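The values are calculated or read from the model by the stated rules, or taken from the named source; none is laboratory data. Because the structure is predicted, anything quoted here is derived from the model rather than measured. Note that we place each Cβ from the backbone using ideal geometry, even for glycine, and neighbour counts take in every protein chain shown.
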Amino acid sequence: MAEIPPIHHTTTLNQIAIDYTPDACLHSPDSGEIHITYDHRRGARWRSPSRFLYGTFSSRIRCPSGNTDGLNYNIYLSSLEGDKNQDEIDFEFLGKDNTSVQTNVYTAGVGSREQIHPLGFHASEDFHDYEIRWGPEEIAWLVDGEMVRREVRREGEPWPEKPMFLYASVWDASEIDEGRWTGKYSGCDAPYVCVYKDVRVPIGTVVMEEEETM
């Protein structure tokens, strides 16, 4: 069995920036919870105010319940959302199946390294821990402390090494691959709420900068 990379020192993420639809994203620092609601407002996206270079990132997440076909809810690292040359490391839930999660990694905008991981539970029924450990030589994705995927850097191959924000969002992905990726959105159980709590980010690897207008 592959050895899990060591955890980096982490701290609670007490502040977030909301990229769009702030009235659909509720952040309560006192309870340590962030709620994203998908309804007629079409979801929201939050991120850490600063980028990080390597470290451990985690959150306890309870996914939306009901018929979530078409929706994508996630937690991921990206050097800049919307940049075609972004580095990115993902956990993505595909609304057509809340009993699995997808992982992916991008380097300079090139991904296509998706993997699907059965969870052994329904992700909407309770909170579970989702963790990314990103280093200069390896990346590990963990669910409830168990490693579901590990990537090791190989000489001469590209590697995500740009400083990255921690992001999370809920959005309608129905049009991707004609609905085969996440299913087609019906909205019959709206509003859909994805809850994040105990979000943690690295200590000592912050790349400070002014907030950008997204």
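Does S112 meet the test of being modelled with pLDDT under 95 and of a type in the set (S, T, N, Q)?
Judged against the criteria, S112 is a match.
Of all residues in region 22-39, those being more than 18 Å from the chain's Cα centre (by Cα) and either closer than 20 Å to C63 by Cβ or in contact (Cβ under 8 Å) with a residue 40 or more places away in the chain (or both) number 3. Quick test of your reading of the structure: S48 fulfils all but one of (1) farther than 26 Å from G135 by Cα; (2) surrounded by fewer than 22 Cβ atoms within 10 Å (Cβ to Cβ); (3) of a type in the set (G, A, S). Name the failing condition by number. Exception for S48: condition (1). Within region 59-71, the only residue that satisfies the criterion of being surrounded by fewer than 23 Cβ atoms within 10 Å (Cβ to Cβ), within 16 Å of Q102 (Cα to Cα) and within 13 Å of the chain's Cα centre (by Cα) is R62. Quick check, is W46 at pLDDT 95 or above and touching a Cys at 6+ places or on another chain (Cβ under 6 Å)? Taking the combined requirement at face value, the residue satisfies it.
Annotation: of all residues in region 86-114 being closer than 21 Å to P163 by Cα, of a type in the set (D, E, K, R) and touching a residue at least 40 places away in the same chain (Cβ under 8 Å), the one that is surrounded by the most Cβ atoms within 10 Å (Cβ to Cβ) is D87. So for region 144-163 (the condition being part of a helix (DSSP H, G or I) and of a type in the set (A, V, I, L, M)), does at least one residue qualify? Checked region 144-163: no residue is part of a helix (DSSP H, G or I) and of a type in the set (A, V, I, L, M).
Applying the selection to region 175-194, what residues are assigned to a helix (DSSP H, G or I) and not small (G, A, S)? Give the derivation first.
First, the residues of region 175-194 that are assigned to a helix (DSSP H, G or I): 176-179.
Those that are assigned to a helix (DSSP H, G or I) and not small (G, A, S): I176, D177, E178.
Looking at E146, E155, E210, just one residue is surrounded by fewer than 13 Cβ atoms within 10 Å (Cβ to Cβ) and either basic (K, R) or modelled with pLDDT of 95 or more (or both), and that residue is E146. Evaluation of S169 against the conditions (1) surrounded by fewer than 21 Cβ atoms within 10 Å (Cβ to Cβ); (2) in contact with a Lys or Arg (Cβ under 7 Å, 6 or more places away or on another chain); (3) small (G, A, S); (4) modelled with pLDDT of 95 or more shows that the sole unmet condition is (1).
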